[in-house]
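See structure below.
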Amino acid sequence: MSTPLTMTDKHIVDRSRPHKNAAVMKTVRATREQLQYGRQKSPAFDNEMLRLHINAVLQGAAAPPILVLLTAIGGVWFDEALWLLAWALMALVIYAGLILIARRASRESFDEEATIRWRKRFLVVCAIIGLVWAAFAYQECTTCQGDTFNFYKSAALLIALAATAMTTFTLRFALYLVAAPIIAALALRAGIGRELADFSVLAMISAAALFFIFMSQRLYTTNLKMLSFQTEKDDLIAELEVANSMSDEARRRAEESNLAKSRFLASMSHELRTPLNAILGFSEVMAGEVLGPIDNNSYKEYVGDIHTSGQHLLNLINEILDLSRIEAGRYELNENSLALADIAEDCIALVQLKARSKNIHIIKAFEKDLPMVWADEKSMRQVLLNLLSNAVKFTPSGGEIRVKIGWTAGGGQYLAIKDNGPGIAEEEISVVLSAFGQGSVAIKSAEQGTGLGLPIVQAILAKHGGEFVFKSRLREGTEGIAILPRQRVLESMAPVAGLPSATQKKKRVFS
């Protein structure tokens, strides 16, 4: 028995349900495989070729009767033979039957069996047409002088074969059934009469029939390839439509996932921050012994551990929220003019205590007279603190950290922080730049971080239109370079009287 959906269930992405276009995808895949690996001529192509033949018969319905009438009139003018009138009547009846069959076939829908059945009917009619023209080819003129009638008969047969080839090239073997009786009748006439003119007509009509058969076969093959390409194009279009539908479905699921993640983070940040504030506040009160001394030293250590762990968890939550807001495009920049050197001085002061405890020397190399930049001060402080804290964390005792600020080649400004720590292997750089990614050195280290510092640096700089370059080699150290583009650098202007310059800005004091 299924349970009704709740409000919470609407925000859960059901990845187990089948895709709505699964059947279409399966059909398209099967068709593509059939085109690639199957036989070259499919029943669908037979159907299309028969349809093309039907259309050709109907569109050229007036041509065969006109040819028959002209042939009969020419024969009567040459020979005054009444048999040509009877032959013309018989030919017109056969062609009329062909047109009626084509009209009837055009109104029906073909499956594989119907295609074979109608194809046989058309071939039978073509064989009858061949016999009709064979009867004309067998006759001779009794009153003609010279080879005039033979020329007339050859011309009529050539035109008939050419018209038949153009009409029936989409119906395989049709031209064979028309040409074979004609050639047989001419051969019989040449064998009986033993005249050179009859052999000449036989040779000419035979050569023409072979040529028309060759051209008809070429046209049939070309038309078949065109149908194959058309089918493949239609299948590719169907694949693109399916891919587009899959992309829309994936985007919808991603939006659902992002909505579920945002709701989860918003809910969990509130649920976690409330008890964390109490933990941090009460542990700080206990560590400071505000309400009275703690006689047990172990309890003091435990309180310090609780405060440190709570602070670490709060930092982790803040970093996750920052990264999620940046990825969701909800990270707003509060931009104003600032000097990178001032921010660097403040951030160095914050990490100086820990650096001194490890006997790490921080060397500053700032270019003078750098103009101010247009950026978010809070974000840039976060960038510098993340890079400095990483450098202090992984630099061994007695090491050094170099902090440099200067111009880029493109007219922007950069801030580089380089240490001489253990470094990172080249294949691990992509790992440490991904969310929650940590290198082997960080995993083995006692001071493991969240793996979000560098991704946040990348995202913040990208938000400013800048770039983050990360270089590292084993046993040689690591360097992180934060680059702001030229568009962020403010143009130098004459100082306004009564206002302090950027270099005279009072340094902030942090407790």
Next item on the list: Report the extension gain between ARG107 and THR222 in nm, rounded to one decimal, defined as 0.36 nm multiplied by the number of residues separating them, less their alpha carbon distance.
Entry: 38.7 nm
Note to self: Under the 0.36 nm per residue contour assumption, what length would be gained going from the current alpha-carbon distance of PHE366 and VAL76 to full extension?
What the structure shows: 93.2 nm
Note to self: If R₀ is 51 angstrom, what is the calculated FRET efficiency for the pair LEU433 and LEU52, using the beta carbon separation as r and rounding to 0.05?
What the structure shows: 0.25
Checklist line | Full-extension gain in nm, ILE99 to LEU240, via 0.36 nm per residue minus C-alpha separation | finding: 46.6 nm
Next item on the list: Compute the FRET efficiency between VAL124 and MET166 as 1/(1 + (r/R0)^6), taking r as their Cβ-Cβ distance and R0 = 22 Å, and round to the nearest 0.05.
Entry: 0.60
Next item on the list: Averaging sequence separations of C-alpha pairs under 8 Å and six or more residues apart, then dividing by the length of region 230-320, give the relative contact order as a whole percent.
Entry: 27 percent
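Could you state the accessible area per residue of region 215-265 in Å², with a 1.4 Å probe and every protein chain left in place?
Solvent-accessible surface per residue comes out at 67 Å².
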Checklist line | Point-to-point label distance, ALA409-ALA462, nm (Cα→Cβ direction, 7 Å offset) | finding: 2.4 nm
Note to self: Under 8 Å for C-alpha pairs, at least 6 residues apart: give me the relative contact order for region 280-389, rounded to a whole percent.
What the structure shows: 28 percent
Check: For labels at SER357 and LEU67 in the simple 7 Å Cα→Cβ model, what's the distance in nm?
Finding: 10.3 nm
Notebook entry, point to check: Applying 1/(1 + (r/R0)^6) with R0 = 45 Å to the Cβ-Cβ distance of LEU210 and LYS233, what FRET efficiency is obtained, to the nearest 0.05?
Noted result: 0.80
Note to self: Testing the spin-label approximation: label points 7 Å from Cα along Cα→Cβ at TYR138 and THR308. State their distance in nm.
What the structure shows: 11.6 nm
Notebook entry, point to check: Probe 1.4 Å, all protein chains in place: accessible area of TRP374 in Å², nearest 10?
Noted result: 110 Å²
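The values are calculated or read from the model by the stated rules, or taken from the named source; none is laboratory data. These numbers were taken from a predicted model, which means no experiment stands behind them. Backbone-built Cβ (ideal geometry, glycine too); neighbour counts: all protein chains shown. These accessible areas exclude ligands, DNA and RNA; they are computed on the full protein's heavy atoms, side chains included. Shrake-Rupley method; radii C 1.70, N 1.55, O 1.52, S 1.80 Å.
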